[in-house]
Structure formats: structure tokens, C-alpha cells
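First comes the structure, then the notes that go with it.
Quick note: the coordinates plus some simple rules give every number you see, no bench work behind them. Note that the coordinates shown come from a computational prediction; the quantities given were computed from them, not determined experimentally.
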Amino acid sequence: GEDVEQSLFLSVREGDSSVINCTYTDSSSTYLYWYKQEPGAGLQLLTYIFSNMDMKQDQRLTVLLNKKDKHLSLRIADTQTGDSAIYFCAEENAGNMLTFGGGTRLMVKP
Amino acid sequence: EPEVTQTPSHQVTQMGQEVILRCVPISNHLYFYWYRQILGQKVEFLVSFYNNEISEKSEIFDDQFSVERPDGSNFTLKIRSTKLEDSAMYFCASSDTATNTEAFFGQGTRLTVV
């Protein structure tokens, strides 16, 4: 079955760039997503990329997709303390179901 | 900004009891989903619902689970006879398209089975 993997934890200093990585197995994924979860809150859609693209930029967020290696990354420029949260990548398959990674906890130090 | 609302935020129930988790999707949305996250594990797909019927369901969604849209506004998940392993955070989501590009998630209901 499909599998999505992420590293558990990332710590950066305020103002630095953060890069969160994700690998997936399903080569038929249509869209790939990044969600943010703050404590006590639901899953907030940050951005997504269609599988035939290799890059998408949205303000401070840059998504890179390497289909050959099945690797997805999220770069957050000028990381702020408010960016501290858990970040989930997810792939969407033909049935429109999402398969999530385990989440990466981003800690931003002042 | 529109939001998906889930109630209650936390429910404690005894093993074997029935629970109903409630969700109010965004009003013009047509596609509805339930996911769950057991503590320390990944968020897992349970079921998708469109046009008053289940579109897809996972292996987790066995006969103990059912979904309903009883009144055109609420979307409910019922667990008929809860087990300890049903303890998890349950997330509802809704979308106005068949993809998740416009999907919104609720804040979740934490179900604790004792």
C-alpha cells in the first residue's frame, strides 16, 4: 500500500530557512499536500502541488517535487516563531483519499 | 474564513458503548471525509461520502462504523460498540471539489474509550 515518511523533528533559528522533507511510494499520486497543525487545532492546508509540476512558490513557502525519487520538500523562508507546529505531507490517490506522513515537529528558536 | 465545526471536542465513553461524533461541514461543500489519528501514529483515512453515499472506505471502517448526513447540514460518524483501540482524534473534512485542494479540516474530536 501507499506509504509516506517524514523525519520526526526539525529545529531552526528564527530568520533561518526551514526545509521539511517527505518521501512517498505511490507513483500514481495526483496531488501532494502540506498541512500544518498547531497545538489543539485541526489540519490547516498550507499548500499543494500537482504531480506534473516540480516547483510551486507561495509567498514564504516553496514546494519542490522530485517525481523520479518520489521526494517532496517544503521550504519556509525567514522562519518565524509562529511557524512552530507539526507539518504533515500527504499524497492524494485516484480515490481522492489522503495518505499522511507521520508529521515533522518544527521548533523555531528565537 | 469558513470552517468545519466538530462536536464535542473531547468525549469519554465506556467500552462497548455507542458514540456519535458530529461535524458541521462548510455549507456549500459536497464531499465529506472522516480521518482518525491514534496517539503517536499517522493520520489515517476512514471514509469519504458524496451524494448521500459512501464513496470510499478503508479497512479500518468496518461494520462497527457508519456515517450519515441526517439533515443536510450535519455529517456524523457513529461507532456502534466502542473498543479501547478506537481511542483517537477523529477529524472531519469537507470539500467543494472531488480533490482535496479545497478541503477544510475540523479541529477534531478526541475520543477516549475507557
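Provide, for q = 0.10, 0.11, 0.15, 0.18 Å⁻¹, the log10 of I(q)/I(0) from a solvent-free Debye sum over equal Cα point scatterers in the protein assembly as shown.
For the protein assembly as shown, the Cα-only Debye profile gives -0.45, -0.54, -0.99, -1.33.
Can you pull the Rg over Rh of chain B, Cα-only, Kirkwood?
With Rh from the inverse mean 1/r over Cα pairs, Rg/Rh is 0.94.
I need two numbers for chain A: Rg to one decimal and Dmax as a whole number, Cα atoms only, in Å.
13.3, 42
In sequence order, what are the phi-derived ³J(HN,Hα) couplings for the stretch B:91-99 according to the Karplus relation 6.51 cos²θ - 1.76 cosθ + 1.60 with θ = phi - 60°, rounded to whole Hz, with x for glycine and proline?
Karplus-based 3J(HN,Hα) across the stretch B:91-99 equals 10, 9, 9, 9, 8, 9, 10, 6, 8 Hz.
Using the alpha-carbon centroid of each, what span in Å lies between the stretch A:74-102 and the stretch B:82-114?
Here the two parts' Cα centres lie 16 Å apart.
For chain A, set up a GNM with springs between Cα atoms under 10 Å and report which of A:LEU72, A:LEU43, A:LEU61 has the largest fluctuation.
Result: A:LEU43 has the largest fluctuation of those listed.
Compute the distance from the alpha-carbon center of the stretch A:14-51 to that of the stretch B:5-24, in whole Å.
Taking the Cα centre of each part, the stretch A:14-51 and the stretch B:5-24 sit 28 Å apart.
Which percent of Cα pairs goes in each bin when the distances of the stretch A:50-100 are cut into 5 angstrom slices starting at zero?
Reading the bins upward from 0: 5, 16, 24, 25, 17, 10, 3, 0.
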